[in-house]
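Comments concern the structure below.
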Amino acid sequence: MTNARNRFLPATVRVLAAVILLAGLAGCGEGPRQNAARPAPAVTVAKPVQRAVVDQDEYVGRFVAVDSVELRARVSGYLDEVHFNDGQLVKQGDPLFTIDKRSFQNAVAQARANLDLARSNLTFAESDIARGRQLVRDRTITEQVFDQRNQTFRNAQASVAANEAALRQAELDLEFTDIKAPVAGRIGDRRVTQGNLVTGGAGGTTTLLATIVSIDPIRFEFTFDEAAYLRYERAASGGKEVTGRDGNVLVGLRLIDETDFAHRGYLDFVDNVIDRSSGTIRGRAQFSNPGGMFTPGMFARVRVPGSPTYQALLVPDGAIASEQARKYVLVVDTENVARQKYVTLGQLAGNLRVIKDGIEANDRVIINGLMAARQGAKVSPQEEVVKPQANAAPGKKAE
């Protein structure tokens, strides 16, 4: 019985193997027919947008005040009054501090009295010399006595002039007891409170009372390297204004919590010396600041024109693919076959990317369906016109 089963077993195995082999051959035969029947993937193509653009360079910098003043007293005395709240906006000429005036008022009164005395002496000397002229003609007095009267008259004149100057200085010191805002802006906190002795004068030991920084307009300072400076200067010397010194180059700015360079200002200064330690040179732009949002010391990013205006081709940024370190786009030829073209990227302008090299104006670039298309494979293209965002200026450089 056992031998009979063994004789039938090889035949059964051979039958099963034959069935599996036929099924595999049938599957292999159907694969090509299925692939051949698969339709070409649908993609959307568009021609590059042709537009005049300007490359933009971005730099980080800080805001600085146009005017910054340290308030110090010109005369010494005890602080009598404070006329502001810490951190408030002040106008030019607003009273800020008052030093005790009483000693200065006394000095003014004394100087006026001394001036009155000097003027009285001058009047007497003038009358005395008038009488002396007649007496010397009559030879009643000698020439020496008349010369002495002349000397007394000149001394009286000098005394009047000296006392007039002393009175003006005393009145000036009295005026200096009222410390007013020399510029408009925002004042900091008071450094000295009422009742304290304030040291004034022009020396280095004077008392700092407060500081004022102007708010509107405000300046923004940044640095750029020597290579950028040379590029700007060569473009400007060729009659193509890029980053000049005449205050007519428009720049954009954004704060650290903003995404767009919505604030507009003008470049008004480029330094005359390149820093030897860092190899950079300082630039400065000016912005209006009516709301006081910009504060001296605040960080921001500024975008300045980095090239003259030139004609460029732009494609949607999503149409660009990567192959390791190289960038490429897929274009569709006249036979609807996808072809790979390596490109050199420029800056982003709204929703479009500047292509500096690699494509032509009549190329049909795949802008949708890029993942379904393959190099050398047929596609089913649908034409579309790219619509750039309104008022889109070139922005960040390509990585």
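The values are calculated or read from the model by the stated rules, or taken from the named source; none is laboratory data. As the structure is a prediction and not an experimental result, all values here were calculated from the model. Methodologically, a virtual Cβ is constructed for each residue, glycine included, from the backbone with ideal geometry; neighbour enumeration extends over all protein chains shown. Areas reflect the complete protein model, heavy atoms only, side chains present, ligands, DNA and RNA absent. Shrake-Rupley method; radii C 1.70, N 1.55, O 1.52, S 1.80 Å.
Scanning the range 88-125 for residues that are among the aromatic types (Phe, Trp, Tyr) and either surrounded by 14 or more Cβ atoms within 10 Å (Cβ to Cβ) or within 49 Å of the chain's Cα centre (by Cα) (or both) turns up Phe97, Phe104.
The combined condition, being among the hydrophobic types (A, V, I, L, M, F, W, C), surrounded by 14 or more Cβ atoms within 10 Å (Cβ to Cβ) and modelled with pLDDT under 95, is not fulfilled by Ala130. In the range 291-302, of all residues being within 28 Å of Gly350 (Cβ to Cβ) and open to solvent by 30 Å² or more (accessible area, probe 1.4 Å), the one that is nearest to the chain's Cα centre (by Cα) corresponds to Arg301. Screening Ala52 on (1) exposed (fewer than 15 other Cβ atoms within 10 Å of the Cβ); (2) of a type in the set (Gly, Ala, Ser); (3) in contact with a strand residue (DSSP E or B) (Cβ under 7 Å, 6 or more places away or on another chain); (4) not in a strand (DSSP E or B) shows it passes everything except condition (4). Apart from one condition, Gly61 fits all of (1) within 30 Å of Tyr229 (Cβ to Cβ); (2) surrounded by fewer than 19 Cβ atoms within 10 Å (Cβ to Cβ); the exception is (2). Tell me whether the range 322-338 contains one or more residues that are of a type in the set (Asp, Glu) and in contact (Cβ under 8 Å) with a residue 40 or more places away in the chain. Yes, the range 322-338 contains at least one residue that is of a type in the set (Asp, Glu) and in contact (Cβ under 8 Å) with a residue 40 or more places away in the chain.
The residues listed here are Ala227, Ala202, Ala165, Ala184; of these, the one that is open to solvent by less than 50 Å² (accessible area, probe 1.4 Å) and either out of contact with any Cys (no Cβ under 9 Å at 6 or more places or on another chain) or free of Cβ contacts under 8 Å to residues at least 40 places away in the same chain (or both) is Ala165.
Matching residues to (1) assigned to a helix (DSSP H, G or I); (2) over 24 Å from Thr205 (Cα atoms); (3) touching a residue at least 60 places away in the same chain (Cβ under 8 Å):
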{"residue": "Val60", "(1), (2), (3)": "no, yes, yes"}
{"residue": "Val69", "(1), (2), (3)": "no, no, yes"}
{"residue": "Glu81", "(1), (2), (3)": "no, no, yes"}
{"residue": "Asp86", "(1), (2), (3)": "no, no, yes"}
{"residue": "Leu96", "(1), (2), (3)": "no, no, yes"}
{"residue": "Phe104", "(1), (2), (3)": "yes, no, yes"}
{"residue": "Leu115", "(1), (2), (3)": "yes, yes, no"}
{"residue": "Gln134", "(1), (2), (3)": "yes, yes, no"}
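Select, from Gly279, Gly265, Gly283, the only residue that is in contact with a helix residue (DSSP H, G or I) (Cβ under 8 Å, 6 or more places away or on another chain) and either modelled with pLDDT of 90 or more or crowded, with 18+ Cβ neighbours inside 10 Å (or both).
Gly279
Looking at the range 212-221, can you tell me whether even one residue there is under 21 Å from the mean Cα position of the chain (by Cα) and open to solvent by 80 Å² or more (accessible area, probe 1.4 Å)? Yes, because at least one residue in the range 212-221 is under 21 Å from the mean Cα position of the chain (by Cα) and open to solvent by 80 Å² or more (accessible area, probe 1.4 Å). Scan the range 283-292 and tell me whether some residue there is more than 20 Å from Leu255 (Cα to Cα) and not aromatic (Phe, Trp, Tyr). There is no residue in the range 283-292 that is more than 20 Å from Leu255 (Cα to Cα) and not aromatic (Phe, Trp, Tyr).
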